[in-house]
Amino acid sequence: MDKLDKIRSWARNLEEPILCFVEGTHPEVIKLAKAVLEDQIAEVVLLGDELEVFDQCRKYRLPESRLYGVINPLNPPDLENLLDEYLEDSGETDRKAALKWIKNPLNLAHTLWLRGDVDWVISSLNPFPDPPNQK
């Protein structure tokens, strides 16, 4: 089963599924995101520097307006709430260490998943992960 088929199979029984790609500036991610959006399989969030993501989108003819969102891990929206939640949930007391943890793209993506903001975090394309169990 190829990547797109795996995503299609996962999304089949979900209402408005949202995918989060950690490597949002990678050309293969952009191509896969474009296919997901063209087939109307799921919404897509890309992590990465906004300018780099938008540059790749233009290069591969993915209209930026089709994306559900682009999040820069170094400056995510709602950073203070993410930070406070992490400090409370993890027991971490060092705010600087917590900030460094939140700004890691993979950690940020999984935090979004745990909060219910996205339905599946795809951390890399190789190896392609299995989808999470559906709730």
Report task. Tabulate in residue order the Karplus-calculated ³J(HN,Hα) for region 20-29, using 6.51 cos²θ - 1.76 cosθ + 1.60 with θ = phi - 60°, rounded to whole Hz; enter x for Gly and Pro. Result -> 10, 9, 5, 8, x, 9, 6, x, 5, 5
Query - Estimated [θ] at 222 nm from DSSP helical runs (n ≥ 4, -39500 (n - 2.57)) normalised by residues in the chain, nearest 500 - result: -13500 deg cm²/dmol
Query raised in the report: In the Gaussian network model of the chain, springs joining C-alpha atoms below 10 Å, which of N72, N81, N107 carries the largest mean-square fluctuation?
Result: N81
Report summary line: Under 5 Å from the placed amide H of V70, counting only residues 5+ away or on other chains, we find L46
Query raised in the report: Between region 92-135 and region 46-60, how many Å separate their Cα centres?
Result: 20 Å
Query raised in the report: (i) 1.36; (ii) 1.06; (iii) 1.75: which one is Cα Rg over 2.2 N^0.38 Å as calculated from this entry?
Result: (ii)
Query raised in the report: Using alpha carbons only, how many degrees (0 to 90, rounded to 10) separate the axis of helix 105-115 from the longest principal axis of the chain?
Result: 90 degrees
Query raised in the report: With axes computed from alpha carbons, what is the tilt in degrees of helix 79-90 against the longest principal axis of the chain, rounded to the nearest 10 within 0 to 90?
Result: 70 degrees
Report task. Keeping to pairs on different chains or 8 or more places apart, tell me how many lysine pairs in region 13-122 have Cα atoms under 27 Å apart. Result -> 5
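Computed from the coordinates by the stated procedures, all read-outs in this text should not be read as laboratory data. Just so it is clear, the structure is predicted and the values come from calculations on it, not from any experiment.
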